[in-house]
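Remarks on the structure that follows.
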Amino acid sequence: MGLLTLREDIILSALVLLSGSSGGAPIRNKIIELTGKEIVYGTLYNMMEYLMRKGYVTTHKSEPVPVQGGRSKTIYSITKAGRAALRETMALHEKIRGRLKDMEFEV
Amino acid sequence: MSSKKALHIPALAEFILKKMSLYYEKHSIIEDFEETYQEIRETEGILKANTWCWMSVIKSVSGYIKLIVLGRFTMFNNYLKISLRVLKRNKSFSFINIAGLSIGLACTLLIMLWVQYEFSFDKFHSNYDNLYRVVTDFERGNQNVTETMVPVPLGAELKKVYPEITHAAIFTEYSQFRVEVDGKIGFNQQAGFTEPDFFELFSFPLVSGNPKTCLKDKNSIVITEETAAYYFGDKDPMGETVLFDDEKFPLKVTGVIKDPPDNSHIQFKMLVPVGSGYGVITGKDLTSWENNVWGLYLLARNDVDPASFTNKITKLYRTHNIENTQYREKIRSRLQPFKNIHMRSDVDFDTSNHFMTDIKYVYIFISIAGVVFIVACFNFMCMATARSAKREKEVGIRKVSGAFKRDLIIQFMSESFILVFISFGFALWLVYLFLPALNEISGKEIHFALLNKWHILISVCLVTLITGLFSGSYPALYLSSLNPASLFHRKSLSGKKTGINLRKLLVTVQYLFTIVLLFVSLVLVKQMNFIAAKDLGFSYENVVSLDLPGGIDHFEAVKNELLMHNDVISVTQGIRPSLRDQGHSAHHIDWEGKEADFKLGFDWLAVSYDYDRTYNMTLKEGRFFSKEHPEDTSNFVLNETAVKAMNLKDPIGKIFRFNNTEGKIIGVIKDFHFSSLRKKIKPLFLTFTKYFGLSVKIRPENQDETIKYLAAVWKKFEPEEPFKYSFFDERIQRMYSNERKTEMLVKYFTFLTIVIFFMGLFGLIGYISQQRTKEIGIRKVLGASISNITTMIFRDFIKLLLIASVFSLPLGYYIGAKWLNNFAYRIDISIWIFIVTFVFIFAFSFLIVFYQTVRVTLLNPADTLRYE
C-alpha cells in the first residue's frame with residue numbers, strides 16, 4: 001500500500017470531515033477552509049479520478065435535486081482502503097513529527 | 001428555492017466546460033460549479049461570482065490544452081512512424097512525390113524571391129510614399145517622348161512657390177569620371193550630382209559627416225564606404241582632397257556614406273554638389289532654364305495633388321523666359337510618383353542607368369509561379385489519391401479499433417504535412433543551389449538571405465501550409481469517410497474506383513497548364529530565333545565601337561593610322577545604327593515638292609564617310625557621302641521608306657532642308673532596322689557629321705591583337721582619355737535583354753513543369769496499371785495483345801488530353817499573340833506550333849503508358865492471378 005501525497009491526504013481528510021461522503025462543491029469548500037487556498041475544480045476532478053483508480057474513493061449519483069429541472073449530482077465516498085491509507089500516512093506523519101520534536105523543530 | 005433557476009452560471013462558461021470536460025458524465029461538473037457559483041453570489045454578489053466562474057474556466061482551459069497537446073503528440077509519433085514506413089515501402093513513388101513537389105516548390109520560391117526583390121525596390125526610403133520625380137513630355141516629330149530631364153532652378157522655384165513641396169534635390173548620375181587621390185587613379189567612376197536636400201529626401205545613412213552641411217560647399221564630395229576603402233584603405237578619408245574629373249577639381253571629402261543597396265534605383269559611388277565640376281557635363285550656366293539635363297526629385301506633403309502639378313510646372317516654365325518658344329510650348333512636366341520608377345515607369349530617356357523592370361514581366365512570372373505550383377500540388381494530390389486506394393484496409397482496421405473520423409483526418413493530414421516538409425527542405429536546398437543561376441540569367445542580385453525577412457517567412461510558411469492542406473485534403477476527407485464494413489467485404493479484381501473523377505479533373509488541369517506553357521515558350525523561342533536570324537539590312541559582326549563624348553580631334557589622321565593595320569577593314573564616325581526605340585526624331589524638315597499637310601516624323605543619323613562600308617549597307621540609288629565631293633558635308637542620304645513616304649518619283653538631286661542645313665539628296669539606302677524589331681522602320685535621313693564615336697570594322701581573325709593595336713593608336717592621339725571599346729553585337733543583344741531573359745526563364749520553368757508533370761503521370765500510370773494487374777492477366781489469358789491493353793489504358797488519358805487541348809491551345813495562342821504584339825516584326829503563330837505542342841505531349845504520354853503497361857503485361861498471368 002502506497003503512501004498518500006499531501007494533496008490526496010487533504011482531499012481524503014476533507015471527505016472524512018464531511019462524514020465520509022459528499023458532493024464536489026462541499027468538498028471544495030472544505031478544502032479551501034482547511035488550507036486557506038483556492039482550488040480549481042479541474043484539479044479536484046483530476047485528483048478524484050486518480051483516487052478512484054487507486055480504489056480510495058467511489059462515486060454514485062444522488063437523487064435529482066428537488067427543484068424544477070434539477071439534475072442528479074455525483075457523490076464521492078471514501079472507501080475502507082482509503083481510510084486505511086489515510087491512517088497509515090497519518091501514522092507516518094506522527095512518527096516523523098516525533099523525531100522532529102526531538103530536534104526541537106516545532107511549529 | 002424558486003430563484004435558483006435564475007442563478008445559473010453564464011451559458012458560454014457552461015458550454016466551454018461541457019466541451020472541455022473529459023468526464024462530463026462521471027463527475028457532475030456543471031452542478032458543482034453552479035452550487036459554488038450560487039454560494040458566492042449569495043454571499044459576495046453577482047460580480048464576484050461571475051469573476052470566480054470565468055477565472056476557473058480560464059484556469060481549466062490551460063490544463064485542458066496541455067492534456068490535448070500531450071495526447072496528440074503521442075498520436076503524432078504514431079503517424080510519423082506509419083508515414084515513414086509507407087514512404088519506405090513505395091520507394092519510387094515516394095521519390096516521385098517528393099522530387100516533384102520539391103522542384104515545384106523550389107521554382108515557386110525562386111520566383112517569389114525574385115518578385116519580392118523587384119517589389120522591394122526603393123522601399124527602404126522612409127519617405128517612399130511622398131517622393132516624386134519630375135518627368136517631362138515632349139512632342140517630337142509626331143510622337144511623344146518622355147524624359148527625366150529638367151533645368152536646375154526648377155526645384156528651388158517649386159519649393160518657393162508651392163508650400164506642399166517641402167524639399168527638392170537634383171540627382172543625376174554620370175559614370176565617366178576620372179578620380180584621383182594621391183596618385184591612385186580610377187576611371188569611369190560613377191558620380192551622383194545632387195543638392196543638399198538629398199539627405200532630407202532619401203534614407204541613405206551617413207557613416208561620418210553631417211547630413212545638413214556636407215553638401216553645402218561647392219567643393220565638397222561625399223564618398224561611399226566602398227570608394228573610401230578603394231582610395232584610402234584604412235585611413236580616415238574625412239577632410240582629404242580628391243581630384244575629380246579630367247580637369248582635376250580638388251574636392252574635399254566631407255562625408256562617408258553607406259553603399260546604396262542593390263535594390264535602389266539611385267546608385268552612386270560618390271556624391272558631388274551640382275555646382276562643382278558641372279562644366280564637364282553641360283558647359284552651361286546652372287541658373288539657366290534651358291539647361292535641362294538634370295533629374296529632379298521632390299519630397300511633398302501628404303496633401304499634395306500630383307495631377308495638378310502638370311499645369312503648375314508648365315506655368316513656371318512660361319513665366320521664366322525660355323527663348324526657344326517652340327520648345328516652351330511643347331513641353332509638359334508632371335510628377336511621377338517615386339514608387340512607379342522601378343516597375344511602372346513610362347519614361348523613355350532616364351537619367352538613371354539602373355535596370356528598370358516592366359511590371360508586365362513581373363506579372364508573367366507570378367503567373368508562371370502559380371502554374372508550376374498548381375501543377376506540382378495537383379501532381380502530389382493525384383499520387384495521394386492513387387495511393388489511398390491501397391490503404392483502405394488500414395483505414396478499416398483503424399476504424400474498427402476505435403479511431404474517429406477526426407483522428408483519421410488528422411492522420412492523413414499530418415502524413416501529407418510530413419511529406420510537404422521533407423519536400424520543403426529539399427526545395428530550400430534547391431533554391432540555395434540555383435539562386436546564382438537565376439541571378440545570372442536575370443541580371444539581378446537576389447540573396448538567399450532575403451528569406452530572412454519576416455513577411456517572406458510568413459508567406460513561405462503559408463505556401464507550405466496551403467500545399468499541405470491542398471494535397472492532403474482529398475485522401476484525408478475521402479478515406480476517413482469510408483464505412484469499414486464495406487472496406488472489407490468488397491472483392492473487386494480491378495481495385496476500386498477511388499477518386500477516379502477527381503483524379504481525372506486533376507490530370508486534365510495539369511495537361512491544360514503544361515500545354516499552355518509549352519505552347520507559349522515555343523512561341524517565345526521561335527520569335528527570339530527570328531529576331532536573331534532576321535536580316536537587319538546591315539551587319540554588325542566584328543564592329544568595334546570606341547566611345548568618346550564630344551568628338552575626336554584628328555579623325556582623319558586616326559582613321560589613316562588605324563587603316564594601316566591589316567585586320568582593320570574600315571573606319572567611320574557618327575551615331576551608331578543601334579538606336580533605342582526612341583530615335584533621334586527630327587522636325588524642321590523641308591524638301592522640294594513637300595505637300596503642305598505632310599505630318600510624318602523622321603528619324604535621322606549623323607554619319608561620316610565609309611559608314612555604309614563599315615556597316616555593310618546597300619545603296620539602292622545614287623551614292624554615299626564621298627570625299628571626292630566636298631559639298632557632301634551638307635547633303636543627305638535617305639532610306640527607302642522615307643522616299644516612299646515623301647512620295648518622290650526621282651529623289652536624286654532634289655533639295656532637302658534640315659534645320660539650317662540645305663543640301664541635295666545624293667543617295668537612297670536600302671531599308672535597315674536602325675531601331676529594335678519592336679518598331680516599324682521609319683523614314684530616315686542621314687546627314688554628315690564630324691562628331692560622335694568611332695566604329696571600326698575588323699577582321700574576325702586575331703581580334704585580340706587588333707584591339708591592342710586600336711588601343712595603341714588611341715593612346716597616341718588621345719593620351720588623356722581612357723580607351724573604352726565594346727563590340728556592337730553586345731549592344732544589339734542588350735536591346736532585347738528583357739525579352740531574352742523572359743525567354744530563358746520561361747524556357748527553364750516550362751521544362752521543369754513538364755518534368756514534374758510527366759514524373760507524376762509516370763507514377764500515376766504505374767499505380768493504375770499495378771492495380772489492374774489481375775484484370776490485365778485475365779485479358780491476356782483470354783487473348784488480348786500488348787497493344788490492346790496499352791490502348792485500353794491510354795484511351796482514358798487521351799480523352800483527358802483532348803479535352804485539355806481544346807481549352808489550352810486557344811489560350812496559349814491568345815497569350816502568345818498578345819506577347820508578339822510587342823514586336824512590329826514578328827513570326828506568325830503557325831499551325832506547326834500547335835502540332836508540335838500536341839504531338840510532343842501526346843507522344844510522351846503514350847510512351848509512359850506504354851512503358852508502364854508493358855511492364856505489367858509481361859508478367860506471367862499464372863503469377864498475377866494466383867490466389868492465396
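The values are calculated or read from the model by the stated rules, or taken from the named source; none is laboratory data. Keep in mind that what you see is a predicted model, and the values were worked out from it rather than measured. FYI the Cβ positions are ideal-geometry reconstructions off the backbone, even for glycines, and counts take in every protein chain you see. Note: accessible area is taken over every heavy atom of the protein model, side chains too, but ligands, DNA and RNA are not part of it. Shrake-Rupley method; radii C 1.70, N 1.55, O 1.52, S 1.80 Å.
The table that follows gives values for the structure above.
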| quantity | calculated |
| --- | --- |
| Elements of type strands (runs of 3 or more DSSP E) in segment B:184-228, at least 1 residues being more than 19 Å from B:Gly239 (Cβ to Cβ) | B:184-194 |
| Qualifying residue in segment B:163-184 (condition: of a type in the set (Ser, Thr, Tyr), within 30 Å of B:Asp303 (Cα to Cα) and touching a Gly at 6+ places or on another chain (Cβ under 8 Å)) | yes |
| Complete set of residues in segment B:179-211 that are out of contact with any strand residue (DSSP E or B) (no Cβ under 8 Å at 6 or more places or on another chain) and among the small types (Gly, Ala, Ser) | B:Gly183, B:Ser203 |
| B:Phe424 being modelled with pLDDT of 85 or more and touching a strand residue (DSSP E or B) at 6+ places or on another chain (Cβ under 7 Å) | no |
| Among residues of segment B:776-813, those that are of a type in the set (A, V, I, L, M), farther than 23 Å from B:Asn501 by Cβ, open to solvent by 70 Å² or more (accessible area, probe 1.4 Å) and part of a helix (DSSP H, G or I), counted | 2 |
| A:Ser77 being open to solvent by less than 50 Å² (accessible area, probe 1.4 Å), more than 17 Å from B:Ser56 (Cβ to Cβ), within 12 Å of chain B (Cβ to nearest Cβ) and not in a helix (DSSP H, G or I) | no |
| Residues of segment A:50-62 satisfying the condition of being at pLDDT 85 or above and within 10 Å of chain B (Cβ to nearest Cβ) | A:Met52, A:Thr59 |
| Every residue from segment B:63-89 that is of a type in the set (Val, Ile, Thr) and either more than 14 Å from every other protein chain (Cβ to nearest Cβ) or touching a helix residue (DSSP H, G or I) at 6+ places or on another chain (Cβ under 6 Å) (or both) | B:Val69, B:Thr74, B:Ile82, B:Val86 |
| Residue that is assigned to a helix (DSSP H, G or I) and open to solvent by less than 30 Å² (accessible area, probe 1.4 Å), where the choices are B:Ile368, B:Ile364, B:Ile409 | B:Ile368 |
| Residue match in segment B:74-90 (condition: assigned to a helix (DSSP H, G or I), buried (at least 17 other Cβ atoms within 10 Å of the Cβ), modelled with pLDDT of 85 or more and of a type in the set (Ser, Thr, Tyr)) | no |
| Residue count for segment B:690-714, restricted to those that are open to solvent by 80 Å² or more (accessible area, probe 1.4 Å) and either among the hydroxyl-bearing types (Ser, Thr, Tyr) or in contact with a Pro (Cβ under 9 Å, 6 or more places away or on another chain) (or both) | 1 |
| Lone qualifier among A:Glu33, A:Glu94 - being farther than 17 Å from B:Ser28 by Cβ, exposed (fewer than 15 other Cβ atoms within 10 Å of the Cβ) and within 14 Å of chain B (Cβ to nearest Cβ) | A:Glu33 |
| B:Glu247 being at pLDDT below 90 and open to solvent by 10 Å² or more (accessible area, probe 1.4 Å) | yes |
| Looking only at segment B:22-62, and only at residues there that are facing another protein chain (nearest Cβ under 8 Å) and in a loop (DSSP other than H, G, I, E, B), the one that is modelled with the lowest pLDDT | B:Tyr23 |
| Residue among B:Asp236, B:Asp259 that alone is open to solvent by 30 Å² or more (accessible area, probe 1.4 Å) and more than 33 Å from the chain's Cα centre (by Cα) | B:Asp236 |
